[in-house]
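A.B. asks: There's a structure below that I have some questions on.
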């Protein structure tokens, strides 16, 4: 009897919250909606509804269960965005390399230049995808930072560029900035 009265009284707010939750998950995850999470939240609601004395407290617990699952989706989406950003940063290293190899004493070399253009396009594409979740300023700084550090290391390894203490310390500051942007993003 308690369950029937509970469902009648709180059907509208919960249904509205489910609708908002569904829209939130769908927007933030490109169409994915966790049916399993809804089922587990409904099961938790049945158990908690029997032990919680006030209906408003039980409703709050339901909403907390839906919020917890929404946060799981945000964490997963956020992790994927950072992965895309790292991939974009790695492609960002490709275009300076292609430009470096695309010109020599004999003149222009089309293949390295074509690879540089492809690398630019892929780098920009992955940045575009990452910026759906990561703030633009942070995404751009990290993207260019990964490209900068990677190109710096590649220059030392492949082209015998100088690895002085001052240059290494400067690149270390860029790396610290990237780590700081990720650590303090929220």
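Laboratory data are not the source of any read-out in this text; all were calculated from the coordinates shown. Computed from a predicted structure; not experimentally measured. Glycine gets a Cβ as well: all are built from the backbone with ideal geometry, and neighbour counts include every protein chain shown.
A.B. asks: What FRET efficiency do you get for residue 108 and residue 157 if R0 is 35 Å and r is their Cβ-Cβ distance, rounded to the nearest 0.05?
C.D. replies: Plugging the Cβ-Cβ distance into 1/(1 + (r/R0)^6) gives 0.90.
A.B. asks: Fewest Cβ neighbours within 10 Å first, please rank 182, 100 accordingly. Display every interim value, and only then the final one.
C.D. replies: Working: 182 13, 100 16.
Placing the least packed residue first, the sequence is 182, 100.
A.B. asks: With a 10 Å Cβ neighbour count serving as the proxy for reagent exposure, in which order, fewest first, do 95, 82 appear?
C.D. replies: Ordered from fewest to most neighbouring Cβ atoms within 10 Å, 95, 82 come out as 82, 95.
A.B. asks: On a C-alpha basis, how far is the centre of region 79-105 from the centre of region 118-156 in Å? Whole number, if you could?
C.D. replies: Cα centroid to Cα centroid, the span is 8 Å.
A.B. asks: Sticking with this one: Would you order 93, 168 from fewest to most other beta-carbon atoms within 10 Å of each residue's own beta-carbon?
C.D. replies: Lowest count first: 168, 93.
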